[in-house]
Structure formats: C-alpha cells, structure tokens
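S.K.: I am attaching a structure below and will ask some questions about it afterwards.
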Amino acid sequence: MNFTHDEFSKIGCRFGFSQKAPTFEREDWSLFRTLEGLQQRAGVPKNLLSRLVLKELADNGLDNGAEVTVQSLPDKSGYVVEDDGTGINGVPEDIARLFSINRPMVSTKLLRLPTRGALGNGLRVVTGAVLASGGSLVVTTRNRRIELCPERDGTTTVVSVEAVEFPVGTRIEVCFGPTLSCDEYTLYWARLACRLAQLGTQYLGKSSPWWYDAAQFHELLFASGDMPVRELIANLDGCSGGKAGEIVARANLERAVCPDVTFPQAVKLLEAARANARQVQPKRLGAVGPQAFPTCAYAIIYGVASFGSARPPAEIPFVVEAWAEEKTEGDTWLCACVNRTPATGDLHAARDKRGIDAFGCGLSYNIAKASSAAQFNIWVNVTTPNMPITSDGKAPDLKPFLKEIQAAVSKAVRKAHRPEGGSRVSQKAIVLDNSTTSLLRSVVTVNTGSTNASSCTSSAPSSGMSWARI
Ligand SMILES: Nc1ncnc2c1ncn2[C@@H]1O[C@H](COP(=O)(O)OP(=O)(O)O)[C@@H](O)[C@H]1O
Ligand SMILES: [Mg+2]
C-alpha cells in the first residue's frame with residue numbers, strides 16, 4: 001500500500017507519533033554512571049561487577065611489577081588492594097582525574113607487552129562502580145591519603161588530602177553501596193591474578209616493532225601526545241640510543257612529533273624500526289609453569305600469529321599453557337586467562353561423544369578428544385603482547401590461538417586421563433603446595449552466590465559446587 005506524504009503524517013498523528021521524533025544525546029562516559037550501563041562497558045553482568053573491580057585494581061599493581069595483596073577491610077565495609085610498586089604520579093587533582101569516568105582512555109600500556117591492562121578503561125570501571133552504587137573511594141600513594149568522590153557530571157572531586165607515612169606503592173580502599181552485590185567470592189579473580197603473577201618467568205624486554213600492524217602503529221603515534229617521534233621509537237626493542245636517530249632519519253622524520261606522522265610515513269617508520277629489531281621468539285615471553293595447579297597435568301605450546309588490517313601485519317609470538325585434571329563429579333569446566341589474569345568474557349565447555357568443545361571468546365570448536373565418560377577441569381593461559389578483543393570489557397577473541405589451544409588442551413587432557421604417564425610435578429611438590437591448590441580450586445571455580453553462575457568465566461557450573469569447595 002502506498003501513502004502520500006500528507007496521508008502518512010495524518011496516520012502518524014492518529015497513532016501518537018510525529019515524523020519529528022525527539023533526539024536524545026548522551027556522552028559515551030554516561031554509561032559508567034549506572035550499574036546497567038557499567039555492565040555494558042565492562043562486559044560482565046551486574047552481579048560480577050564487584051569481582052571485576054578488584055581484579056582491575058590487582059591487575060594494575062601487578063602490571064606495575066609489584067607484589068599485590070587484596071583483602072576485605074577489617075570492619076568488612078569494603079576492600080583494600082595494596083601494592084609495593086612505584087605509586088601513582090601527580091598531585092591529588094591528577095589522581096582524581098585518573099579516577100574519573102569522563103576522562104579519555106588514559107594508559108601507560110599502549111606499547112604492546114604481555115600486560116594485563118591495555119585500554120585505560122580499568123579505573124573508569126572502578127570509579128563507575130563506586131558512583132553507581134553510592135560507595136566510597138580512598139587512594140593512598142606517595143605519602144598522601146586522598147579521599148575521592150566521583151560525581152554525576154563525570155568528574156571526581158578531591159574530598160580531603162591527609163599527609164601519611166606511605167612512601168612506597170599504592171593502597172586503594174573501595175567500598176560499594178548496597179546495590180552492588182558482593183559475596184564470599186568477590187576477591188577471587190584478583191587473588192587468582194596475584195597467584196599466577198608469582199610463578200614462572202616473565203618477559204622483561206621492550207615492546208617490539210614486529211608487534212604492530214601499520215594501522216595500530218599509526219594509532220599509537222596518534223595517541224602519543226606531542227612526543228617527538230625519536231623518543232617514541234627509542235622505547236622499542238632494538239631501537240634505543242643512536243639507532244633511534246638512524247631510524248627516524250631513514251623515514252625522514254627527524255624533527256617530527258608523533259601525531260603529525262601520516263599513514264605512509266608510519267609504514268616507512270615501522271619498516272625502518274623492524275630492520276633494526278629481531279623478532280622476539282615465543283619462548284622469551286616466559287610461562288607460568290606447571291606449579292600453578294600442581295595436581296593437574298600440564299602442557300605448553302608456542303606459536304606466532306599474524307594480526308592486523310593494514311600491511312605490514314603484526315607478527316605476534318604467544319604461549320599457550322593448559323592444565324587439566326580429571327574429576328569424579330560434575331561437568332567438564334573451562335577457565336581462560338590472558339597474561340595471567342582471568343578473562344572475563346563468557347566461555348564454557350561442553351561435551352560431545354568423543355570430545356570437549358569450547359564455546360565463547362571467539363571459540364566454538366572441539367579443543368580435545370576425550371571419552372564421554374571422563375570429565376575434566378581445564379585452565380588455559382595465553383601469554384601474548386597483543387590479544388585481539390571484541391569489547392571494552394576486554395572479551396578476548398581466542399580464535400587466532402585455536403590450533404595451539406587445541407594442541408595444549410589435548411595434551412594436558414590426555415596426560416590427566418593417564419596420570420602416571422604425564423604430570424611432571426612430583427608427589428612431594430603436590431603435598432607441599434596442597435594448601436595453595438585448595439585455595440585456587442575455590443578461587444577459580446566459585447559460584448557467584450546468585451544467578452547466572454554457569455555462564456560466567458571462572459564460575460563453576462552448579463553441579464561442580466561440591467568440588468569447588470574442597
Ligand atoms: N597501582 C598502580 N600503580 C601505578 N600506576 C597505576 C596503578 N593503577 C593505575 N595506574 C596507572 O593508571 C593507568 C590507567 O589504569 P587503567 O585505567 O586500569 O588502565 P590500563 O591498566 O589499561 O592502563 C595505568 O596505565 C597506570 O599508568
Ligand atoms: Mg588496568
């Protein structure tokens with residue numbers, strides 16, 4: 001049926017709408033102001049937001065190379081995350097801005113490295129959770145105790161500043177209001193991250209020019225303020241000192257500042273930097289090692305993946321570790337970590353007749369063969385200087401790592417099914433480390449205490465609860 005313009009308007013009026021619908025406009029950051037918006041920006045359902053906040057705070061301390069502790073405040077009114085790192089730079093107003101929801105994504109981690117943070121979003125989630133729930137926030141660093149108040153207009157006010165004896169590291173006290181649910185497992189993502197940080201070996205080198213495709217390298221230049229190109233280049237592997245000067249000269253960018261570099265110049269610069277740097281072999285990235293879950297069988301697989309939308313592509317080395325143990329009750333269960341911290345995207349395992357399938361985080365594939373009678377707990381950690389993500393909540397896209405995940409999980413599951421043929425960990429080590437294992441079992445398999453447990457990474461399916469509380 002065809003209507004003329006006038007007929008269409010008349011019909012519209014009869015049904016209560018006009019062609020001139022009102023327009024509503026919001027700043028992106030306004031989503032951080034409510035719990036509903038926050039779950040959208042953070043990528044986890046409401047009931048897991050408190051757990052995410054503590055993980056973000058722990059991740060920041062761990063990325064700072066520090067030792068981190070997370071615990072409840074003595075009066076149980078909230079939580080405290082403390083590290084012995086560098087502390088946070090700046091006057092109280094600078095710190096208030098870092099903890100404000102309307103700031104741009106600010107990060108010292110845009111240079112690609114196997115770190116936990118990468119976006120500059122974590123502290124906005126922390127602040128948003130405090131604002132949305134009506135909680136409170138205190139940051140103590142560099143001999144100052146700074147009480148902060150996140151405001152609805154997106155800024156954060158400094159309520160008070162007190163001189164205290166706290167010369168090393170950062171201490172963050174966070175209390176949530178009653179609308180944000182907490183339970184006995186609120187600390188566990190953070191504690192798992194702390195535990196995985198203590199083990200094995202880590203990459204101590206610089207970011208490599210091989211780890212950027214041309215488009216992301218150009219983005220890095222754009223995000224670098226007024227930094228001279230030479231200074232940025234000197235931060236890359238193989239490009240320090242005099243070499244930085246030679247590289248910028250080769251790209252004709254001797255006096256240029258980063259944001260002025262055009263795309264073709266960025267390509268030339270990237271190629272010049274690569275000519276000076278050898279590719280980092282995956283083994284140099286280090287690994288967590290078998291001790292993370294001493295009663296599990298362990299496997300490790302190395303790989304290199306090409307990423308990116310613009311040539312030259314990034315050549316990303318990575319390490320996949322898998323731990324598996326056979327269990328006597330409950331369903332097969334899967335947890336993924338990226339750079340030693342739990343990935344908060346939705347991921348779960350399902351069984352078919354001959355295998356274990358993984359669904360979520362870019363996967364919907366068989367990841368191991370196993371007899372249908374056997375059930376397993378499986379942990380995977382991917383160490384990589386660049387994990388493709390599909391949301392601001394850092395939901396990883398694990399697809400580029402699929403082949404190596406399949407190889408590592410298959411090997412670990414095979415060994416777990418025949419323990420005598422597999423685990424490299426001695427009985428003595430198992431006995432010695434039994435207390436931490438018990439802790440970790442509860443850490444990584446907890447139920448949220450409310451709904452939705454089986455759809456959340458690191459939450460056990462309800463049938464696994466008795467196992468989870470060993
Ligand atoms: N505990 C800390 N110690 C030192 N610096 C920190 C700490 N927490 C946050 N920062 C600084 O604040 C920045 C922003 O943190 P965040 O919003 O979590 O983003 P990201 O971790 O992705 O960089 C970090 O890049 C880091 O420079
Ligand atoms: Mg962070």
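S.K.: For Val80, which of the numbered conditions (1) within 16 Å of ligand 2 (Cβ to nearest atom); (2) touching a residue at least 24 places away in the same chain (Cβ under 8 Å) fails to hold?
M.R.: (1)
S.K.: OK, next. Of everything in the range 398-422, what is at pLDDT 95 or above and of a type in the set (D, E, K, R)? Give them in sequence order.
M.R.: If the condition is that a residue be at pLDDT 95 or above and of a type in the set (D, E, K, R), then Lys399, Lys403, Glu404, Lys411, Arg414, Lys415 are the ones that fit.
S.K.: Something else: Checking the structure you have, find out if any residue of the range 94-114 is in a strand (DSSP E or B) and over 19 Å from the mean Cα position of the chain (by Cα).
M.R.: no
S.K.: Next up: Which pairs turn up if I take residues in the range 229-258 that are closer than 12 Å to Pro209 by Cα and look for partners that are of a type in the set (S, T, N, Q) with beta carbon separation below 6 Å, at least 6 apart in sequence or on another chain?
M.R.: Leu232/Ser224; Ala234/Ser240; Leu236/Ser207; Asp237/Ser208; Gly238/Asn276; Cys239/Asn276
S.K.: In the range 222-236, what count of residues is obtained for those that are within 23 Å of Arg278 (Cβ to Cβ) and not in a loop (DSSP other than H, G, I, E, B)?
M.R.: 6
S.K.: Go through (1) closer than 23 Å to Asp392 by Cβ; (2) within 11 Å of ligand 1 (Cβ to nearest atom) for Pro114 and report which single condition fails.
M.R.: (2) is the only condition that Pro114 fails.
S.K.: Moving on to the next point. Among the residues in the range 82-102, are any modelled with pLDDT under 95, within 12 Å of ligand 1 (Cβ to nearest atom), in contact with a Gly (Cβ under 6 Å, 6 or more places away or on another chain) and in the same structural domain as Ile172 (by TED's automatic domain parsing)?
M.R.: For the range 82-102, residues modelled with pLDDT under 95, within 12 Å of ligand 1 (Cβ to nearest atom), in contact with a Gly (Cβ under 6 Å, 6 or more places away or on another chain) and in the same structural domain as Ile172 (by TED's automatic domain parsing): absent.
S.K.: Looking only at the range 288-297, how many residues end up being within 21 Å of the chain's Cα centre (by Cα), of a type in the set (Gly, Ala, Ser) and crowded, with 22+ Cβ neighbours inside 10 Å?
M.R.: Summing the residues that are within 21 Å of the chain's Cα centre (by Cα), of a type in the set (Gly, Ala, Ser) and crowded, with 22+ Cβ neighbours inside 10 Å in the range 288-297 gives 1.
S.K.: Would it be correct to say that Pro294 is modelled with pLDDT of 95 or more and of a type outside the set (D, E, K, R)? Even if it seems obvious, please write down each step before you answer.
M.R.: Details: modelled with pLDDT of 95 or more: no; of a type outside the set (D, E, K, R): yes.
Criteria not met by Pro294.
S.K.: Looking at (1) charged (D, E, K, R); (2) assigned by TED's automatic domain parsing to the domain that holds Ala408; (3) modelled with pLDDT of 95 or more, which one does Arg250 not meet, given that it meets all the others?
M.R.: (2)
S.K.: Which one of these does Ala163 not meet: (1) near ligand 1 (Cβ under 8 Å from one of its atoms); (2) without any contact (Cβ under 8 Å) to a residue 40 or more places away in the chain?
M.R.: (1)
S.K.: Identify all residues within the range 138-183 that are among the aliphatic types (A, V, I, L, M), within 16 Å of ligand 2 (Cβ to nearest atom) and in a loop (DSSP other than H, G, I, E, B); write none if there are none.
M.R.: none
S.K.: Would a scan of the range 337-348 turn up a residue that is more than 30 Å from Gln279 (Cα to Cα), modelled with pLDDT under 95 and acidic (Asp, Glu)?
M.R.: Within the range 337-348 (the criterion being more than 30 Å from Gln279 (Cα to Cα), modelled with pLDDT under 95 and acidic (Asp, Glu)), the answer is yes, since at least one residue qualifies.
S.K.: Here is a follow-up. Which one of the conditions (1) within 22 Å of the chain's Cα centre (by Cα); (2) modelled with pLDDT under 95; (3) more than 12 Å from ligand 1 (Cβ to nearest atom) does Asn121 fail to meet, given that it meets all the rest?
M.R.: With (1) within 22 Å of the chain's Cα centre (by Cα); (2) modelled with pLDDT under 95; (3) more than 12 Å from ligand 1 (Cβ to nearest atom) applied to Asn121, the lone miss is (3).
The values are calculated or read from the model by the stated rules, or taken from the named source; none is laboratory data. Keep in mind it's a predicted model, so treat the numbers as computed, not measured. All Cβ positions, even for glycine, are placed from backbone atoms using ideal geometry, and neighbour counts span all protein chains on display.
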